[in-house]
Protein chains: 2
Amino acid sequence: MSLKNRVAIIGAGCSRFGEHYDKAAEDLIVEAAQEAIADAGIERERIRAGWVGTISSALSGNALSDPLKLTGIPITRVENYCASGMDAVRNAAFSVAAGMYDIVIALGFEKMRDATLGGLPAPHPVKDNGEAPHVFALSAHRYFANHGASKSTLAKIAVKNHRHGVLSPKAHLRMEVSEEKVLNAPMIYSPLGLFDCCPTTDGAAAVILCRADLAKQLRDDPIYIKGMGLSVSYGAPHYDPTFDYDGFAATRQAAGQAYEQAGISAKDLDLVECHDCFTITEILNYEDLGLCPKGEGGHAAEEDRFALGNALPVNPSGGLKSFGHPVGATGVRMLYELTQHLRGDAGERQVPNARLGLAHNLGGMGAVSAVTVLGNEL
Amino acid sequence: MSLKNRVAIIGAGCSRFGEHYDKAAEDLIVEAAQEAIADAGIERERIRAGWVGTISSALSGNALSDPLKLTGIPITRVENYCASGMDAVRNAAFSVAAGMYDIVIALGFEKMRDATLGGLPAPHPVKDNGEAPHVFALSAHRYFANHGASKSTLAKIAVKNHRHGVLSPKAHLRMEVSEEKVLNAPMIYSPLGLFDCCPTTDGAAAVILCRADLAKQLRDDPIYIKGMGLSVSYGAPHYDPTFDYDGFAATRQAAGQAYEQAGISAKDLDLVECHDCFTITEILNYEDLGLCPKGEGGHAAEEDRFALGNALPVNPSGGLKSFGHPVGATGVRMLYELTQHLRGDAGERQVPNARLGLAHNLGGMGAVSAVTVLGNEL
């Protein structure tokens, strides 16, 4: 069955993203949750259940209940690599679609710039703590060989997303970068330089979900879930005998599920927030999400096809390149972004007349992908 | 709304519990999942989605997809302290109740006796890795002061559950203990001695869930979910201004939700699997679950009221005392146990004519509780 038009987003909130050495994770959680609750215009007592997504910043539903003093209700922690936040929303949406609760909260967060759970040291600001740069660097080399792109092609993604990010008040990095600056930046993992990678960032984002048939009683402009897909592949590329480093099956499968539920195809979309953890990832996402044919993502990047002002803006927020990637927060932050555009509230970065938007996460070096389609009409 | 009679268990599996130094977590996962799938009598291709519960043995849905080679479908990891496994089942059940998938798998597991995630050393066999013995020891002292029990009262729980555990082929510890042996055992955290604590154990358990209206097509004796409750309290007792060390609000709330959904009260139950991480916990559970009045749990223990052969057996499996507590596995292992009794397949430990059973987890020193009621009739 489909999730289409069964669950509405009636509130959304997002903390300022950045290196918040002066804040605890709890501060960011409160900031995002209070904005979402105020945006929904509800008393917090109406929240009947919660879901919280984080990869390693906390354990259990207490990650949400303690900072919000929200006890005596069910709260579930979901973890699914970089899709943790979006999968928290997905499970929350299932509970609402099942009629278990009328109004629930789903929140994602991560504290990346302090000691993580168990007192492990914080990751270095310019490298991932795991092997992600390695896999995506190999994917870039494979893409260059298969489709004729170059390091300059990748740089176009960084230039576009940082240009967009200047328009996002809550982004971590709000600065334009030139192609020359991207190409001359320190190398992280060849061919990926500093500006081919997203920064290491703290942040939180939240949505309030409601039964679609009750949503109009609570606000005039609810946003509706049209479809949510999730797919897992193997946990590491070398486990997967079919992995060829040229795109990700999990994204194609998750997108297929979401499009099918929504009853649409990529050409119906007005905007996309996709997982640009590295510049090459966004190019591969174009193809995996069906925004352009296989092998054409590099050309699309070179002609700036998906910039704000064109027919289908991708990452109008500035993407992970500008917001960073506080793991559990990112998927929910993307849904926050779509919600602003679908309501016409996105300010300087507004995509005109946006009616359908897609958000996409890719995690665990291709191991998991989540895709959500939202719309502003029933 | 209620989950009552909307979701059925059509298959259940459980690994042998124990100190499996010779096995990886993946071996235990395969053992439990294959038994559940075979028990359901389905082809594994009919499984349309998965949920996996673990507190720290793995990350992401790949914890399930990799060992089972079950890729291309959605798999979510749920973590909620000691309720991780039962909450994985709860979220799986919501998806089925929402009509999203006809058949799904939910599996819980933990590898406790080897290095855990991140290479941390394995916990010492006779102590918890956190502060659980501390909080439950204080609860025991408070119970003694409030209600007149003693260390001998606690020992009755160990004697009963180890007597039951001898009848469970898959239990970790299968041996009777005398009250004298319990009372003379090494002290762990006064007044809790070695046999007041559950052992440190590896294990996995799985259930196959199906839409209730399809279940009879797949087997003659499906077991139905009657209600599932979950509640979070504060993450640590000292955060909670109302905590008095005499019972746990989360258990009372989760049980209230489950009873209300099922439309029953405790007196309708035929058997209970409850969270006896420590002997005092089972006594407090009697009261919090409504199996006896407040303050009477110690008397009930002393008269062996909840032993096999009496009207309402508690922990006929032998409980955590006999099975140990591989965190993510425990809640699902309890549902496996209820399923055996409700089908009449529990062998020597069978509760006669069992029609309604309850399973209960308590985690995070009272921070979270999950309660499930199962029945064998629509």
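Exactly one of these conditions fails for residue B:156: (1) outside the structural domain of residue B:43 (by TED's automatic domain parsing); (2) within 20 Å of the chain's Cα centre (by Cα); (3) at pLDDT 95 or above. Give me its number. The single condition residue B:156 does not satisfy is (2).
State the number of residues belonging to the range A:347-364 that are away from every other protein chain (no Cβ under 14 Å) and either under 20 Å from residue A:331 (Cβ atoms) or buried (at least 24 other Cβ atoms within 10 Å of the Cβ) (or both). Working first, answer last.
Kept after step one, since they are away from every other protein chain (no Cβ under 14 Å), are these residues of the range A:347-364: A:347-360.
From the residues that got through so far, the ones that are either under 20 Å from residue A:331 (Cβ atoms) or buried (at least 24 other Cβ atoms within 10 Å of the Cβ) (or both) too are A:349, A:351, A:354, A:356-360.
Residues in the range A:347-364 being away from every other protein chain (no Cβ under 14 Å) and either under 20 Å from residue A:331 (Cβ atoms) or buried (at least 24 other Cβ atoms within 10 Å of the Cβ) (or both): 8 in total.
Of all residues in the range B:92-109, those satisfying the criterion of being more than 8 Å from chain A (Cβ to nearest Cβ) and part of a loop (DSSP other than H, G, I, E, B) are B:101, B:102.
Can you spot a residue in the range A:224-234 that is touching a residue at least 60 places away in the same chain (Cβ under 8 Å), farther than 15 Å from residue B:65 by Cα and of a type in the set (A, V, I, L, M, F, W, C)?
Yes - at least one qualifying residue is present in the range A:224-234.
For every residue, the table says whether it meets (1) outside the structural domain of residue A:21 (by TED's automatic domain parsing); (2) more than 19 Å from residue A:315 (Cα to Cα); (3) of a type in the set (A, V, I, L, M).
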residue	(1), (2), (3)
A:160	yes, no, no
A:164	yes, no, no
A:170	yes, no, no
A:178	yes, no, no
A:183	yes, yes, yes
A:190	yes, yes, no
A:193	yes, yes, no
A:208	no, yes, yes
A:211	no, yes, no
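If you take the residues of the range B:31-58 that are touching a residue at least 24 places away in the same chain (Cβ under 8 Å) and surrounded by fewer than 18 Cβ atoms within 10 Å (Cβ to Cβ), which of them is nearest to residue A:49 (Cα to Cα)? Let's see the steps before the verdict.
From the range B:31-58, those touching a residue at least 24 places away in the same chain (Cβ under 8 Å) are B:31-33, B:35-42, B:44, B:46-58; that's our starting set.
From the residues that got through so far, the ones that are surrounded by fewer than 18 Cβ atoms within 10 Å (Cβ to Cβ) too are B:38, B:41, B:44, B:46, B:48.
Values: B:38: 35, B:41: 35, B:44: 32, B:46: 30, B:48: 25 Å.
Applying the filter and picking the extreme gives B:48.
How many residues are of a type in the set (A, V, I, L, M, F, W, C) and out of contact with any Gly (no Cβ under 9 Å at 6 or more places or on another chain) when one looks only at the range A:223-239? Steps first, please.
Residues of the range A:223-239 of a type in the set (A, V, I, L, M, F, W, C): A:223, A:225, A:228, A:230, A:232, A:236.
Next cut, out of contact with any Gly (no Cβ under 9 Å at 6 or more places or on another chain) only: A:228.
Summing the residues that are of a type in the set (A, V, I, L, M, F, W, C) and out of contact with any Gly (no Cβ under 9 Å at 6 or more places or on another chain) in the range A:223-239 gives 1.
Scanning the range A:222-244 for residues that are surrounded by 20 or more Cβ atoms within 10 Å (Cβ to Cβ) and over 22 Å from residue A:91 (Cα atoms) yields a single hit, A:237.
For the range A:299-311, indicate whether the set of residues that are away from chain B (no Cβ under 14 Å) and closer than 30 Å to residue A:58 by Cα is non-empty.
Quick first cut of the range A:299-311, residues away from chain B (no Cβ under 14 Å) only: A:299-311.
This time we only want the ones that are closer than 30 Å to residue A:58 by Cα, so: none.
No - not one qualifying residue is present in the range A:299-311.
The residue that is nearest to the chain's Cα centre (by Cα), among those in the range A:1-18 that are crowded, with 24+ Cβ neighbours inside 10 Å and closer than 12 Å to residue A:93 by Cβ, is A:9.
Could you tell me whether the range B:251-266 includes any residue that is free of Cβ contacts under 8 Å to residues at least 60 places away in the same chain, in a helix (DSSP H, G or I) and within 8 Å of another protein chain (Cβ to nearest Cβ)? No, the range B:251-266 contains no residue that is free of Cβ contacts under 8 Å to residues at least 60 places away in the same chain, in a helix (DSSP H, G or I) and within 8 Å of another protein chain (Cβ to nearest Cβ).
Screening the candidates A:325, A:341 for the property of being touching a Cys at 6+ places or on another chain (Cβ under 6 Å) and either part of a loop (DSSP other than H, G, I, E, B) or within 22 Å of residue A:170 (Cα to Cα) (or both) yields one hit, A:325.
Of all residues in the range B:59-77 being in a loop (DSSP other than H, G, I, E, B) and more than 7 Å from every other protein chain (Cβ to nearest Cβ), which is surrounded by the fewest Cβ atoms within 10 Å (Cβ to Cβ)?
Taking the range B:59-77 first, the residues in a loop (DSSP other than H, G, I, E, B) are B:59-61, B:69-74.
Among the residues that remain, those that are also more than 7 Å from every other protein chain (Cβ to nearest Cβ) are: B:69-70.
Working: B:69: 10, B:70: 20.
Checked the range B:59-77; the qualifying residue surrounded by the fewest Cβ atoms within 10 Å (Cβ to Cβ) is B:69.
Within the range A:281-298, being assigned to a helix (DSSP H, G or I) and touching a residue at least 40 places away in the same chain (Cβ under 8 Å) holds for A:281, A:282, A:283, A:284, A:285, A:287, A:288, A:297, A:298.
Step by step: first the residues of the range B:365-378, then only those that are of a type outside the set (A, V, I, L, M) and touching a strand residue (DSSP E or B) at 6+ places or on another chain (Cβ under 7 Å), then the one that is surrounded by the fewest Cβ atoms within 10 Å (Cβ to Cβ). Which residue is that?
If we filter the range B:365-378 for residues that are of a type outside the set (A, V, I, L, M), which is where we start, we get B:366, B:369, B:372, B:375-377.
Narrowing the set further to residues that are touching a strand residue (DSSP E or B) at 6+ places or on another chain (Cβ under 7 Å) leaves B:369, B:372, B:375-376.
Details: B:369: 34, B:372: 29, B:375: 23, B:376: 19.
Among residues in the range B:365-378 that are of a type outside the set (A, V, I, L, M) and touching a strand residue (DSSP E or B) at 6+ places or on another chain (Cβ under 7 Å), the one surrounded by the fewest Cβ atoms within 10 Å (Cβ to Cβ) is B:376.
Look at (1) modelled with pLDDT of 95 or more; (2) on the phi < 0 side of the Ramachandran plot; (3) outside the structural domain of residue B:95 (by TED's automatic domain parsing) and you find that residue B:234 fails only one, number (1). Residue A:252 - would you say it is under 27 Å from residue A:376 (Cα atoms) and over 20 Å from the mean Cα position of the chain (by Cα)? Against the criterion (under 27 Å from residue A:376 (Cα atoms) and over 20 Å from the mean Cα position of the chain (by Cα)), residue A:252 does not qualify. All of (1) outside any helix (DSSP H, G or I); (2) under 21 Å from the mean Cα position of the chain (by Cα); (3) away from chain B (no Cβ under 14 Å) hold for residue A:21 with one exception: (2).
Yes/no matrix, rows are residues, columns are (1) in a loop (DSSP other than H, G, I, E, B); (2) over 23 Å from residue B:324 (Cα atoms):
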{"site": "B:26", "(1), (2)": "no, no"}
{"site": "B:37", "(1), (2)": "no, yes"}
{"site": "B:45", "(1), (2)": "no, yes"}
{"site": "B:57", "(1), (2)": "yes, no"}
{"site": "B:79", "(1), (2)": "no, no"}
{"site": "B:90", "(1), (2)": "no, no"}
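Are any residues in the range A:1-30 closer than 19 Å to residue A:174 by Cβ and free of Cβ contacts under 8 Å to residues at least 40 places away in the same chain, and if so, which ones?
In the first step, residues of the range A:1-30 are kept if they are closer than 19 Å to residue A:174 by Cβ; the result is A:14-23, A:28.
Listed by number, the list holds a single entry, A:22.
Note on the range A:68-114: residues that are in contact with a helix residue (DSSP H, G or I) (Cβ under 6 Å, 6 or more places away or on another chain) and at pLDDT below 95 total 1. Only residues that are assigned to a loop (DSSP other than H, G, I, E, B) and touching a strand residue (DSSP E or B) at 6+ places or on another chain (Cβ under 8 Å) were counted across the range B:131-150, and they come to 0. Hey, any hits in the range A:353-369 for a residue that's free of Cβ contacts under 8 Å to residues at least 60 places away in the same chain, in a loop (DSSP other than H, G, I, E, B) and over 30 Å from residue A:64 (Cβ atoms)? Taking every residue of the range A:353-369 in turn, none turns out to be free of Cβ contacts under 8 Å to residues at least 60 places away in the same chain, in a loop (DSSP other than H, G, I, E, B) and over 30 Å from residue A:64 (Cβ atoms).
In the range B:139-167, the residues that are without any contact (Cβ under 8 Å) to a residue 24 or more places away in the chain form Cβ pairs under 9 Å with partners that are acidic (Asp, Glu), at six or more places apart or across chains, as follows: B:159/B:176; B:159/B:179; B:159/B:304.
The values are calculated or read from the model by the stated rules, or taken from the named source; none is laboratory data. All values reported here derive from a predicted model rather than from experimental measurement. Please note: Cβ atoms are built from the backbone with ideal geometry, for glycine as well, and neighbour counts cover all protein chains shown.
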